[in-house]
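The values are calculated or read from the model by the stated rules, or taken from the named source; none is laboratory data. What you see is a predicted model; the values in this text were computed from it and never measured. Methodologically, a virtual Cβ is constructed for each residue, glycine included, from the backbone with ideal geometry; neighbour enumeration extends over all protein chains shown. These area figures cover heavy atoms from the full protein model, side chains too; ligands, DNA and RNA do not enter into them. Shrake-Rupley method; radii C 1.70, N 1.55, O 1.52, S 1.80 Å.
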Amino acid sequence: MKEQIKETIQRLKKGQVILYPTETVWGIGCDATNFDAIGKIYAIKQREETKSMICLVSDIKMLQFYVENVPEAAYNILKFANKPTTIIYDQPKNVAENVVAEDNTLGIRIIKQGFAHQLIKAYGKPIVSTSANISGQPTPKSFNEISQDILTAVDYVVNLPKQKSSGQPSAIIKLSNDGMVKVIRS
């Protein structure tokens, strides 16, 4: 796995789009600070740029560097969540502007284990994560379900096809700085 992490980091530094396993599903990703790479993901997914994507970080410290003000409620949600949970935060910072939603929010998930965690920790920056499918098509539950269109469109496929993911997308909760909490997907 160390060789895959090293190779993937080199690809991310070059602005390439990767296909990689997360703890939930296989994802298409890139450096979340690279505007052009994010644009490539929108093109691959045939997705409107007004529909935001999420980013993955490796820990609370990294989260705090990319969000202006992490609400106190987020710490409790993250502490007690029993499944991968993405939180949509107000006022993201230090990321490319085309990964931020029109309402100046960004969904971020702290990933705690597996290849993606090790990759992000070693890379030191957040990585975009969006399901490995064309927009509107079903989310693949395993590597074998990823379409040939996606496999050929990305710049690099992490060579861990047997890597297990849960096959289930994360829960999504929107937290506003004014105290509003909204469950988007449980």
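Scan segment 59-76 and give yes if some residue there is of a type in the set (Phe, Trp, Tyr) and in contact with a Gly (Cβ under 8 Å, 6 or more places away or on another chain), otherwise no. No, segment 59-76 contains no residue that is of a type in the set (Phe, Trp, Tyr) and in contact with a Gly (Cβ under 8 Å, 6 or more places away or on another chain). Just one of the listed residues (Asn69, Asn76) is outside any loop (DSSP other than H, G, I, E, B), open to solvent by 60 Å² or more (accessible area, probe 1.4 Å) and more than 18 Å from Lys125 (Cβ to Cβ), and it is Asn76. Scanning segment 96-123 for residues that are crowded, with 20+ Cβ neighbours inside 10 Å and under 19 Å from Ser176 (Cα atoms) gives Val99, Leu106, Gly107, Ile108, Arg109, Ile110. For segment 124-146, taking the residues that are of a type in the set (Gly, Ala, Ser) and closer than 18 Å to Pro169 by Cα, the one that is surrounded by the most Cβ atoms within 10 Å (Cβ to Cβ) is identified as Ser129. Looking only at residues in segment 79-93 that are out of contact with any Ser or Thr (no Cβ under 7 Å at 6 or more places or on another chain) and under 16 Å from Gly179 (Cα atoms), the one that is most open to solvent (accessible area, probe 1.4 Å) is Gln91. The C-beta contact set for segment 88-116 (first residue in contact (Cβ under 8 Å) with a residue 60 or more places away in the chain and in a strand (DSSP E or B), second residue open to solvent by 30 Å² or more (accessible area, probe 1.4 Å) and of a type in the set (S, T, N, Q), distance under 7 angstrom, 6+ apart or interchain) comprises Asp90/Asn104; Asp90/Asn177; Gly107/Ser52.
Applying the set (1) out of contact with any Pro (no Cβ under 6 Å at 6 or more places or on another chain); (2) under 20 Å from Glu23 (Cα atoms) to Phe143 leaves exactly one unmet item: (1).
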